[in-house]
Amino acid sequence: MKLQTRQFIGYLVCIILSGALPAAGQELPVSDYSIKPSEVVIPQGAELGSYRRTVQPFENWELRCDENLKAKKKICNVTQTILDQAGQFAFSWSLAATEDGKPLMILRTRPELGDKKPIALRFSGRKEPVIVETNGCDAAVCVAILPVGPVIREQIAKAAIAQISYEISSSGSLVFNAPLQGLATAVAAIK
């Protein structure tokens with residue numbers, strides 16, 4: 001045997017005799033660990049393994065599709081999330097469609113905004129902002145729904161930048177830019 005192999009075996013024997021490794025039949029102590037659940041919430045009625053989520057990045061936006069493989073049904077939306085300087089959630093919005101195919105934007109703010117409160121969207125070249133009122137909040141977010149009409153369609157086509165603002169009493173106004181660049185390309189990729 002080579003000297004290095006003998007030294008290794010000597011070290012291994014010392015470790016075993018010291019009790020650092022469990023003897024045959026002896027179990028290691030187990031701490032409390034848990035399995036991280038999937039971030040994909042399976043809808044009621046869908047079977048595990050028959051539901052798939054895909055995420056496809058585009059400039060400033062993500063195309064997210066949930067597909068029930070058994071029912072052969074696919075639902076997609078295009079989402080953008082804005083974070084503050086500390087990396088915390090400030091805002092997100094998704095372009096989605098109603099059951100009958102009408103497009104709408106789902107806006108999400110911090111929950112401190114509160115129910116029935118305004119979110120302002122300002123676009124270059126337009127005097128008046130688009131105002132959307134929240135219509136529900138929980139501990140994580142407040143939500144507002146904005147039907148996609150002529151003004152929003154025009155801004156998407158121009159790949160405009162929306163200046164979004166809302167007020168929360170603890171922090172004052174949150175004001176940030178949300179570029180529409182990449183949204184039309186992401187929508188076109190839906191198959």
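Derivation of every value follows stated rules applied to the coordinates shown; laboratory data play no part. Not measured: the values here are computed from a predicted model. Here the Cβ is made from the backbone with ideal geometry for all residues, glycine too, and neighbour counts use every protein chain on show.
Computed values, structure above
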item	result
14 Å beta-carbon shell around Cys65, net charge (K/R +1, D/E -1)	+4
Inter-label distance, nm, simple model (7 Å from Cα along the C-beta direction), Lys73/Ile145	1.7
Hydrodynamic radius of region 51-188 per Kirkwood, over alpha carbon pairs, in Å	15.8
Residues Leu28 and Glu62, FRET efficiency given R0 of 41 Å [Cβ-Cβ distance, rounded to 0.05]	0.45
Helix-only CD estimate at 222 nm, as mean residue ellipticity for the chain, using -39500 (n - 2.57) per DSSP H run (n ≥ 4)	-4500 deg cm²/dmol
Sites matching trypsin sites (Lys or Arg not before Pro) across region 66-99 that sit in DSSP coil, with at most 12 neighbouring C-beta atoms within 10 Å	Lys70, Lys72
Difference of contour (0.36 nm per residue) and Cα-Cα distance, Ala189 to Val41	50.9 nm
Projected label distance in nm at Thr98 and Ile168, using a 7 Å step from Cα toward the beta-carbon	3.0
Taking N as its residue count, the alpha carbon Rg of region 59-135 over 2.2 N^0.38 Å	1.33
Burial ranking of peptide ranges 151-157, 141-147, 41-47 (average Cβ count within 10 Å, highest at the top)	141-147, 151-157, 41-47
